[in-house]
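Below is one structure, written out as structure tokens; comments come after it.
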Amino acid sequence: MKLSLPPFGGLILLVSACGGGNAERSAGGPSLVRELHIESDYGQIYIYDPETQMVADADWSEENNPLQRAADDAHDSRRFVGYDSGLVDVLAPSQYNWKAPMRIEVSDGPPALDADAWDHVVEVPLPVPSGRLSFEASGGGTPIETKIPVGTYRARFSGRGYVAGAGEIEGHESYRLQLWPAEESEPTLVKYWAGYDVMRPKRLARDRRQVGGR
């Protein structure tokens, strides 16, 4: 992971309590909205605050590598969104997507759940101590960064436009990240995309054997 900090970019909309011409806020709705385009590569997207990820790749050992631990958590938990030490690793259904829409919503409390509108939904903790939030494609892509209020959040990651099958190289997924203040707690799978069973049948079969299934 490269941790150089580029200029803030991709900001389309900011909604605050002050209102304004493009105000989207409604009672119980998000107090801040940002819309970006992010990148995925090698089937992964990293989400993190640079203040929590200050160790360069060269200093990570095989035994102490947050990227590997987050990826293992994503696979082994079958959430396909992993978490380790402030780092979120999203395993995308395609190999790459150079312009994936990402909507960020910050609210005072948990937003209403609309899982029916999404293919895959996972909740994870996400500390943002610097107020800077980075989205980075695996393989050393340039981080796309935006600003949100400082805090420790519960993050509900939702994705749709998922397609399963051999040869799905370029993706057309879109994402949403809903954030609200909360103490750090265990990740939770809210809705599972069955296409992961098609994409990783050997791992699924191994997992079933481990729990005594057929």
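The values are calculated or read from the model by the stated rules, or taken from the named source; none is laboratory data. On a predicted model such as this, the values are computed, not experimentally measured, just so you know. Because the Cβ atoms are built from the backbone with ideal geometry, glycine has one as well, and the counts that use them run over all protein chains shown. Ligands, DNA and RNA are excluded from the accessible area calculation, which covers all protein heavy atoms including side chains. Shrake-Rupley method; radii C 1.70, N 1.55, O 1.52, S 1.80 Å.
Brief remarks follow.
- When Ala58, Ala23, Ala27 are screened for being at pLDDT below 95, open to solvent by 20 Å² or more (accessible area, probe 1.4 Å) and outside any loop (DSSP other than H, G, I, E, B), only Ala58 passes.
- For segment 167-195, a residue qualifies if it is polar (S, T, N, Q) and assigned to a loop (DSSP other than H, G, I, E, B), and exactly one does: Ser185.
- Unique match (being under 14 Å from the mean Cα position of the chain (by Cα), surrounded by 15 or more Cβ atoms within 10 Å (Cβ to Cβ) and modelled with pLDDT under 95) among Pro125, Pro66, Pro93, Pro50: Pro93
- Residue selected from segment 137-166 under the condition part of a strand (DSSP E or B) and touching a residue at least 60 places away in the same chain (Cβ under 8 Å), by the criterion most open to solvent (accessible area, probe 1.4 Å): Lys147
- Asp76 open to solvent by less than 70 Å² (accessible area, probe 1.4 Å), of a type in the set (Asp, Glu) and modelled with pLDDT of 90 or more: no
- Residue match in segment 98-114 (condition: within 15 Å of the chain's Cα centre (by Cα) and outside any strand (DSSP E or B)): no
- Against the conditions (1) within 26 Å of Glu51 (Cα to Cα); (2) free of Cβ contacts under 8 Å to residues at least 40 places away in the same chain; (3) over 16 Å from the mean Cα position of the chain (by Cα), Pro181 satisfies every one except (2).
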